[in-house]
Structure formats: C-alpha cells, structure tokens
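Asks: This structure is in structure tokens; I'll ask about it shortly.
Values quoted throughout were computed directly from the atomic coordinates according to the rules given, and no laboratory measurement underlies them. Keep in mind that this is a model prediction, so the values were computed, not measured. Cβ placement follows ideal geometry from the backbone for every residue including glycine, while neighbour counts extend to all protein chains displayed.
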Amino acid sequence: MRSHDAASATVTPAEDAALIAGVRAALCVIRRRLPPYRLIDGLLDRSTFHAAHEHACGAGRNYLVFTPDGQVARCHAQLHTPVAGVDDPRLLTAVRSAATPGALQPVAVSQRAGCQSCRWRAWCGGGCPLLAHQATGAWDQRSPYCSIYQTLYPEVLRTEGWRILKYATAPVMA
Ligand code: SF4
C-alpha cells in the first residue's frame, strides 16, 4: 500500500474493496505454504508488530535520505524538499526540526485525528504521514488507507497465528 506517481492520495470505496480483495488473495496463497519464520511484520505496508510504536516510520525523527547532489531530505518521497546538506554541522537537528516549509511533519499516532481510540494504533502508527497530508491537507490526520488497515489487521493476525500453530505442533525441518 505505498503511494507512487500514478496513484491518488485518496482511495474510493471501490478501490478499497479491490485492494482488500487483492491482499486477501495473497494471504490465501501464503496460508497454503506458511513458512517457519515470522511473517506478520511484512504483510501490510507501514505496519509492524515487533513493538508498540507512535510513528509509522522514522521520517522527520531518525531517517535520513541522501540525494546524489548532497542534499538530505526527511523522506525518500520528498527529495524535492531537502532540509539540509551533507556538510551541514546541524544535520540531525535540521532533519528533526519542523521549520522547513512543506517538509514532512512526523505527527505521532496519539495526536492523529481518529486514531486515539483505535485498537490498532500501537501497531499501525497512523500510516504514512505524507500520504495522509496529500489526502487531507493536514499532517495530523489518519491514513487514507485506514479502513483497509482495519479490515485486514485481523486477517493478518490470524495468518501469523496459524503459522505459529503449524510449527508449534511439528518440528521445523532444516
Ligand atoms: S487503523 Fe486507522 S485509526 Fe487505527 S491507527 Fe491506523 S490509521 Fe489510525
């Protein structure tokens, strides 16, 4: 569920349904050949179940993107909005500062409208902040893919559960 130049930041209900159907079809294939290693963190983009977290990614906090000409941006989708140069002595401060106009703002999920009471917030993080901004014009909004996440999280959890059960009852073969 990553954005790209050919995609709209907003999704229609029909597109939601198509995306959900596509992921469900993929999960069906995966369930037929469940592997012996942990899958759950790679099944939905921008989602991880390793540990509870406040942000969907490290952009604007601990993530640096370098351009070929020595500029540094907060996100690989914002190369056109660099916040520093590689020779800037205050590089990390610049990346973490909210001062650059137009640069990505890393609003925590606990500050995102609609996310505070969501049962999935500790694993979702509110989704890609840039995509939310493109869809709504604000940085503190939830992901335009929210309904897709909420529909698919239980199915992703079930898939990992079945995988664990499969290898809990049979020894893992090398
Ligand atoms: S599933 Fe939706 S409401 Fe819940 S944290 Fe993610 S974007 Fe926010």
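Asks: Quick check: convex hull of the Cα atoms in the chain, volume per residue, rounded to a whole Å³?
Replies: Details: hull volume 26.4 nm³, N = 174.
In the chain, the Cα convex hull volume per residue is 152 Å³.
Asks: Please list log₁₀ I(q)/I(0) at q = 0.34 Å⁻¹ for the stretch 59-103, using the Debye equation with identical point scatterers on the alpha-carbon positions.
Replies: -1.47
Asks: Quote the convex hull volume per residue of the stretch 98-139, based on C-alpha atoms, as a whole number of Å³. Walk me through the intermediate numbers first.
Replies: Values: hull volume 2.8 nm³, N = 42.
Here the figure is 67 Å³ per residue.
Asks: Could you line up 147, 117 from fewest to most neighbouring Cβ atoms inside 10 Å? Kindly include the intermediate steps, with their values, before the conclusion.
Replies: On the way: 147 16, 117 6.
With the fewest neighbours first, 147, 117 line up as 117, 147.
Asks: While we're here: Taking H as built 1.01 Å from N, whose amide H comes closer than 5 Å to the amide H of residue 141, not counting residues under 5 places away?
Replies: Those lying under 5 Å, H to H, from residue 141 are 113.
Asks: Something else now. Test of the criteria: in the stretch 79-174, which trypsin sites (Lys or Arg not before Pro) are in a DSSP loop and have at most 10 other Cβ atoms within 10 angstrom of their Cβ? Walk me through the numbers on the way to the answer.
Replies: On the way: sites: 90, 96, 112, 119, 121, 142, 158, 163, 166; in loops: 90, 112, 119, 142.
Those that pass, being in a loop and sparsely packed, are 90, 119.
Asks: Rounded to the nearest 500, what is the 222 nm mean residue ellipticity of the chain from helices alone, with -39500 (n - 2.57) per DSSP H run of 4+ residues and division by all residues?
Replies: Values: 5 runs with 61 residues, N = 174.
For the chain, the value works out to -11000 deg cm²/dmol.
Asks: I've got another one for you. Quick test of the membrane-span-like rule: which DSSP H helices of the chain reach at least 15 Å along their long axis (C-alpha atoms) with mean Kyte hydropathy at least -0.5?
Replies: Values: long enough: 13-32 (29 Å, 0.79); 146-168 (32 Å, -0.15).
The answer, listed by residue number, is 13-32, 146-168.
Asks: Test of understanding: ordering 91, 131 by Cβ neighbours within 10 Å, fewest first, what list do you get?
Replies: By the 10 Å Cβ count, ascending, the order reads 91, 131.
Asks: Something else now. Report the relative contact order of the stretch 59-103, percent, no decimals, based on alpha-carbon pairs under 8 angstrom and at least 6 residues apart.
Replies: On the way: 64 pairs, mean separation 15.2, N = 45.
Over the stretch 59-103, the number comes to 34 percent.
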